[in-house]
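Structure record follows, encoded as structure tokens.
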Amino acid sequence: MNKILITGANGQIGSELLTHLRGIYGEDHVVGSDIRLPKNKDDAGLFEIVDVTDAHRFHAVAKEHQVDTVIHLAALLSATAEENPMKAWDLNMGGLMNALEVARELDLKFFTPSSIGAFGHSTPKKNTPQDTLQRPSTMYGVNKVAGELLCDYYHQKFGVDTRSVRFPGLISYVTPPGGGTTDYAVEIYYEAARKGSYTSFIDEHTYMDMMYMPDALEAIHQLMEANPDHLVHRNAFNVSAMSFAPKGIAAEVKKHIPDFTIDYDVDPVRQAIADSWPDNLDTSAAQEEWGFAPSYDLASMTKDMLTHVREKTTNSL
Ligand code: VAH
């Protein structure tokens with residue numbers, strides 16, 4: 001990669017990926033884009049307003065900046081997509097098709113994330129294989145499976161260098177997620193720091209795969225720089241760093257905030273989504289084909305998250 005266009009650059013992944021890749025490739029080698037400028041306009045760097053459902057604008061911006069890579073992140077997440085499935089289809093699939101067409105027309109490398117949401121009730125829940133049944137029961141999951149198949153199609157049919165990972169729940173302190181089923185695992189840190197307690201919308205015993213954002217950002221960089229000759233798979237690799245349930249992350253928070261308490265007010269919509277997802281993934285293909293190796297586990301992530309969230313909470317007082 002030399003010149004990169006990121007869509008959805010104001011989002012949970014995009015806002016941090018912009019900084020991460022600019023630190024590697026240089027400020028002027030990474031163009032951010034989203035449907036509006038970022039809040040901190042002054043230090044936004046190269047940034048364009050792009051609605052990914054506008055194919056002409058999307059193509060024009062990629063051509064004008066002479067990028068060699070598109071990292072397409074603009075999408076609605078699982079819970080929001082379930083509330084508004086038609087809007088999710090239009091944005092998640094219409095935007096993806098436009099992104100793939102731009103990559104084909106301009107001969108660009110291409111990345112877009114899939115998700116553990118691409119699996120369903122009939123998928124083996126434990127040690128979920130790289131190649132297995134994918135019959136999701138959510139619009140988000142349908143979008144992700146269709147997206148994986150489209151990305152493989154554009155590679156096989158048109159030779160586009162498409163690569164993707166199935167992200168687990170991503171946890172970060174920079175930009176809060178929006179509309180995700182795994183968002184509880186971010187909220188718990190903020191609520192623990194603010195008021196010493198948290199009410200979880202996911203049942204205490206529900207396991208889901210998770211990863212700290214620094215590991216997710218480096219996974220994108222590593223995969224995109226991997227030798228294509230070593231890739232047996234492309235769209236999309238299972239990646240995860242840990243698997244826990246709300247009771248597990250709560251116990252880890254209590255090690256830092258002994259009086260912390262958690263209770264439960266389960267949201268049936270997001271609980272149903274979580275119940276359809278795996279407990280933990282087999283990530284051996286990503287390890288073997290491009291050296292995936294996350295650095296953070298639940299203990300080290302919790303220590304780092306609470307340090308930064310406490311700083312943000314104190315500064316915002
Ligand atoms: C969501 N955070 O909850 C996203 C992600 C695996 C979860 O896809 O929708």
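For this structure, a couple of remarks:
- Neighbour-count order for 152, 43, 209, 297, fewest beta carbons within 10 angstrom listed first: 43, 297, 152, 209
- Using a Förster distance of 25 Å, the FRET efficiency for residue 259-residue 127 (Cβ separation, nearest 0.05): 0.10
- In the frame of its principal axes, segment 180-271 has Cα extents of 52, 29, 17 Å, reported largest first.
- Gaussian network model of the chain, springs between alpha carbon atoms under 10 Å - residue of 199, 162, 181 with greatest fluctuation: 199
- For residue 199, residues with placed amide H under 5 Å, excluding near neighbours: 263
- Couplings 3J(HN,Hα) for segment 250-259, derived from phi with the Karplus relation 6.51 cos²θ - 1.76 cosθ + 1.60 (θ = phi - 60°), are 5, 5, 5, 4, 4, 5, 9, 10, x, 8 Hz, where x marks Gly and Pro.
- Spatially, segment 70-128 and segment 186-228 are offset by 19 Å when compared through their Cα centroids.
- Relative contact order [Cα under 8 Å, 6+ residues apart], segment 204-314, whole percent: 44
- Per-residue Cβ neighbour rank within 10 angstrom, fewest leading, 123, 283, 112: 123, 283, 112
- Between residue 314 and residue 300, residue separation times 0.36 nm minus the direct Cα-Cα distance comes to 2.9 nm.
- Between residue 53 and residue 24, the contour length at 0.36 nm per residue exceeds the alpha carbon distance by 7.5 nm.
- Folded to 0 to 90 degrees: helix 298-315 orientation relative to the chain principal axis, Cα: 90
- Integer Hz, Karplus 6.51/-1.76/1.60 couplings in order for segment 30-46, x for Gly and Pro: 9, 9, x, 8, 6, 6, 8, 5, x, 4, 8, 3, 4, 10, 6, x, 5
- In this Cβ point-charge picture (+1 for Lys and Arg, -1 for Asp and Glu), segment 174-250 has a dipole of about 200 debye about its Cα centre.
- Put in line by how crowded their Cβ is, counting other Cβ atoms within 10 Å and starting with the fewest, 305, 213, 1 read 1, 213, 305.
- For trypsin sites (Lys or Arg not before Pro), the sites in segment 232-317 that DSSP calls loop and that have at most 14 other Cβ atoms within 10 Å are 255.
- Axis angle, to the nearest 10 degrees, between helix 213-225 and the longest C-alpha principal axis of the chain: 20 degrees.
- The mean sequence separation of alpha-carbon pairs under 8 Å and at least six residues apart, normalised by the residue count of the chain, gives a relative contact order of 19 percent.
- Degrees between helix 95-106 axis and first principal axis of the chain (Cα, 0 to 90, nearest 10): 40
- Net charge over other residues, Cβ less than 10 angstrom from the Cβ of residue 230 (K, R count +1; D, E count -1): -3
- Approximate shape of the chain as ellipsoid semi-axes (Cα gyration tensor, √5λ), whole Å, largest first: 30, 23, 18
- Normalised contact order of segment 100-195, rounded percent, pairs of Cα under 8 Å and 6 or more residues apart: 30
Since every read-out is calculated from the coordinates, none of them should be taken as a lab result. Here the structure is a predicted model, which is why all the values come from computation and not from measurement. Methodologically, a virtual Cβ is constructed for each residue, glycine included, from the backbone with ideal geometry; neighbour enumeration extends over all protein chains shown.
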